[in-house]
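Chemist: Dropping a structure here in structure tokens format, bear with me for questions.
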Amino acid sequence: MTKTSQLVVDIASHSIQGRKDINEDSVGFCIPEDALQLESKGIVLAVADGVSSAEAGKEASNTAINRYISDYYQTPETWSVKHAGQKLLSSINLTLYKRSHEFTNEEKGYLTTFTALVLKSRISHFFHAGDSRAYLLRQGELKQLTRDHIASIGSGRSFLARAMGMDNSIQIDYGQLNLENNDILLVTSDGIHDFVDEQQIASIISQEKSCNERIKALVQAAYDNGSDDNISGALCQIKSLPNESLDDYNSKLTRLPFPPPLEENVILDGYKVIKELFASSRSQLYLVEDTDTGEQMVMKTPSINFLEDTGYIDRFIQEEWIGKRINNEHVVKIIQQKRPRTCLYYLMEYVHGISLDKWMEKNRFPKPKVAINIVEQVADGLAAFHKMETIHQDLKPANILINEETLHIKIVDFGSVFVAGLAEVFIPLEHEGVLGTATYSDPQYLLGKNTGIQGDLYALATITYELFTGKLPYGNKIEECQTAFEYDRLRYISAREFNPVIPRWFDRTLQRGVTFDLEQRYDNIEEFLYDLRHPNPDYLLDDPKIKKNKSQILFWQLLSGFWILMFALVIALFSKG
């Protein structure tokens, strides 16, 4: 790619609560320090105005600004600005909408306006929903780039017709314009533009002062003019533009060649191949070393079997972005590229350990305390996915690495992850017909239904069952099932048949975690974990006596005994009452 000069700007933001009790606005900007990221992603400035009638307007505006700015720079380099912005805002909107519906009062929730500008190369892109605004001042003429999403109901009354979090899907206005040197760009909340006319705005932001001084002067002018709202804005002036346009930057990246199979000691983009870790018909994993720093990491490359498959290429590119969004000690970390890529691949941290399936082969019937600890670590990693509105969908022991000394685990493989708000349609997992994905994945997935968190819970419960028994809850016949009728013929096998020291209440918790009936299955992982640790009173009934002749069941004796005693005390207290 031809080298160009960098985009140089003066930029600043300012926000005050004004005459209101709290500030429900949020405003921010970002200029990447990394020159490569500045060139590929550009500069962001944005403002969000939390809806004052909503209970969580402040939280909504903060979420929208922080998530957009942080997530935008994690999107694949091959995504266009428009594609990245619309995908991200769709995902953020869904997050806010779900939080809004946690409230029973429909008047309250997570609602906010949103307006952002992305300056990349010689083009400015804008994204907009609500009544915040974006302006361009060029050669003394001020132009409003966005339109207010306001609906009039007569008698001078109006209401906000569009906002983030208002519905489970949202239409985002998008537009772009070619930049010129000395262009001034402004984003404002209505606390500014409802109280400062365009002539005064143009006069203030065109002054020969720094952007920081000008935006503060504009905010103060709104306050002096009687603004009774929060007052926020961000201002940017173009100081220098790149010499040539990068309009075709993304198309060049999407045409990056697939790397060939890599041999030991081959150096690709400054990464020396130490050895091949894994290879399949879909991808390869290599242990590589950064020739500059000596840091070891894992390089994942696409399989040449899919050289002409655009869907596969898009999915491979998306894996890197999904991984960058998840920040959790129990999820493998994606490493930010430091040099331009000449081939299609991405980098991950190198985790010392073995896969959980191999560990279970070497450690049959681990101590209950150890097994529960492993399950809780996996659950914590899954929670990080779910927090970002993503579902792993392919959780299995082969996709979990465990350090044999510390027993610390990390979830790997983002190839089957479903991102709510990102995917236009749900694509069911492919039934591989072998021990693996089909064994641990929710049958509802395989039959084409997206069961979300309940699907990941099914996989977690199946892994928990296997940790304590060395077997599968429906036996190996589940691998052969292809239809709903074939799944209906399967019957849960009590974990106590394989490990008789397991209490009845623990077995019934596992059974509820892997049931095919979604109405009976746990709704969330937290409830499942709670019942693993605390005997559910409903599951304590009809618990047959077990011959206790092994020290191995001490864990179950203590846990069950304590909670049975507490249960009895509660009954006694109610009886006295």
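Chemist: In nm, to one decimal, how far is the residue 304 label point from the residue 173 one, both placed 7 Å along Cα→Cβ?
Modeler: 5.1
Chemist: Work out how much length residue 373 to residue 274 would gain on full extension: take 0.36 nm times their residue separation and subtract the Cα-Cα distance, in nm to one decimal. Walk me through the numbers before you get to the answer.
Modeler: Values: separation 99, 0.36 × 99 = 35.64 nm, distance 3.32 nm.
So the extension gain works out to 32.3 nm.
Chemist: Please state the Cα pair-distance histogram of the range 1-67 with 10 angstrom bins from zero: what percent is in each bin?
Modeler: 19, 38, 23, 15, 5, 0
Chemist: By average Cβ neighbour count within 10 Å, what is the ranking of 222-233, 352-363 from highest down?
Modeler: On the way: 222-233: 20.9, 352-363: 16.1.
Going from most to least packed, we get 222-233, 352-363.
Chemist: With r defined as the distance between the Cβ atoms of residue 329 and residue 181 and R0 fixed at 51 Å, what FRET efficiency is calculated, to the nearest 0.05?
Modeler: Efficiency at R0 = 51 Å is approximately 0.65.
Chemist: Could you give the length gained on full extension between residue 263 and residue 312, defined as 0.36 nm per residue of separation minus the Cα-Cα distance, in nm? Don't skip to the end; give the middle numbers.
Modeler: On the way: separation 49, 0.36 × 49 = 17.64 nm, distance 2.40 nm.
Extending this stretch completely gives an extra 15.2 nm.
Chemist: Here's another thing I want to ask about it. Averaged across orientations, what area in nm² does the convex hull of the alpha carbons in the range 1-136 project?
Modeler: Numbers: hull surface 36.4 nm².
Across all orientations, the range 1-136 yields a mean hull projection of 9.1 nm².
Chemist: Within 10 Å of each candidate Cβ there may be at most 15 other Cβ atoms; applying that plus a DSSP loop requirement, which GluC sites (Glu not before Pro) in the range 161-229 survive?
Modeler: Listed in order of number, the matching sites are 180, 208.
Chemist: Separation between the residue 240 and residue 453 pseudo-spin-labels, each 7 Å from Cα along Cα→Cβ, expressed in nm?
Modeler: Each label point lies 7 Å from its Cα, and together they span 5.0 nm.
Chemist: Determine, from the Cβ-Cβ distance of residue 530 and residue 498 and an R0 of 30 Å, the FRET efficiency 1/(1 + (r/R0)^6), rounded to the nearest 0.05. Display every interim value, and only then the final one.
Modeler: Details: r = 24 Å, r/R0 = 0.80.
According to the calculation, E is roughly 0.80.
Chemist: Between residue 143 and residue 488, what length comes free when the chain is fully extended (0.36 nm per residue of separation minus the Cα-Cα distance, one decimal in nm)? Don't skip to the answer; put the middle values down first.
Modeler: Values: separation 345, 0.36 × 345 = 124.20 nm, distance 6.36 nm.
Using 0.36 nm per residue and subtracting the Cα-Cα distance, I get 117.8 nm.
Chemist: How large are Rg and Dmax for the range 450-498 when only the alpha carbon atoms are used, in Å?
Modeler: 11.6, 32
Chemist: Taking other Cβ within 10 Å of each residue's Cβ, how do 290, 531 sort, fewest first? Before the final figure, lay out the partial values.
Modeler: Details: 290 17, 531 20.
Ascending number of Cβ neighbours within 10 Å: 290, 531.
Chemist: Another question about this same structure. Enumerate lysine pairs in the range 263-401 that are 8 or more residues apart or on different chains, then count those whose Cα atoms are under 13 Å apart.
Modeler: On the way: 275/300; 300/333; 324/333; 358/396.
Close lysine pairs found across the range 263-401: 4.
Chemist: Run through every distinct alpha carbon pair of the range 8-243 and return the Kirkwood hydrodynamic radius in angstroms, one decimal place. Kindly include the intermediate steps, with their values, before the conclusion.
Modeler: Numbers: mean 1/r = 0.0562 Å⁻¹.
That comes to 17.8 Å for the range 8-243.
Chemist: Which whole-number percentage describes the relative contact order of the chain, with Cα contacts under 8 Å and a sequence gap of 6 or more? Mind dumping the intermediate values first?
Modeler: Working: 1119 pairs, mean separation 62.6, N = 577.
11 percent.
Chemist: Ignoring solvent entirely, what values of log10 I(q)/I(0) come out of the Debye formula for the chain at 0.08, 0.09, 0.10, 0.11 Å⁻¹ when each Cα is a single scatterer?
Modeler: For the chain at q = 0.08, 0.09, 0.10, 0.11 Å⁻¹, log10 I(q)/I(0) is -0.68, -0.82, -0.96, -1.08.
Chemist: Tell me, what is the FRET efficiency for residue 364 and residue 35 to the nearest 0.05, using R0 = 41 angstrom and their Cβ-Cβ distance as r? Display every interim value, and only then the final one.
Modeler: Working: r = 53 Å, r/R0 = 1.30.
E between residue 364 and residue 35, to the nearest 0.05, is 0.15.
Chemist: On to the next question. Could you give the DSSP H helices of the chain that reach 18 angstrom or more along their long axis (alpha carbon positions) and whose average Kyte-Doolittle hydropathy is no lower than -0.5?
Modeler: Numbers: long enough: 57-72 (22 Å, -0.94); 81-100 (28 Å, -0.27); 211-224 (19 Å, -0.24); 310-325 (23 Å, -0.89); 368-387 (28 Å, 0.42); 453-469 (24 Å, 0.66); 554-576 (33 Å, 1.80).
Passing helices, by number: 81-100, 211-224, 368-387, 453-469, 554-576.
Chemist: Taking neighbour Cβ counts within 10 Å as the exposure measure, how do 325, 504 sort from fewest upward? It would help to have the intermediate numbers written out before the result.
Modeler: Working: 325 23, 504 19.
With the fewest neighbours first, 325, 504 line up as 504, 325.
Chemist: Would you kindly work out the equivalent ellipsoid of the range 265-387 from its C-alpha gyration tensor and give its semi-axes, the square roots of five times the eigenvalues, largest first in whole Å? Present the calculation step by step, with values, prior to reporting the outcome.
Modeler: Values: eigenvalues 165, 63, 50 Å².
After diagonalising the Cα gyration tensor, the semi-axes are 29, 18, 16 Å.
Chemist: Okay, moving on. Would you mind ranking 485, 365 so that the residue whose beta carbon has the fewest other beta carbons within 10 Å leads the list? Let's see the in-between values first.
Modeler: On the way: 485 8, 365 15.
Result, fewest neighbours first: 485, 365.
Chemist: Which three extents, in angstrom, do the Cα atoms of the range 113-244 have along their principal axes, listed largest first?
Modeler: 48, 36, 21
Chemist: Which of the aspartates and glutamates could a cross-linker bridge to residue 239, judged by Cα under 16 Å and excluding same-chain residues fewer than eight apart?
Modeler: Reachable aspartates and glutamates: 10, 39, 180, 183, 208.
Values in this text are rule-based calculations from the coordinates and carry no lab data. As the structure is a prediction and not an experimental result, all values here were calculated from the model. Please note: Cβ atoms are built from the backbone with ideal geometry, for glycine as well, and neighbour counts cover all protein chains shown.
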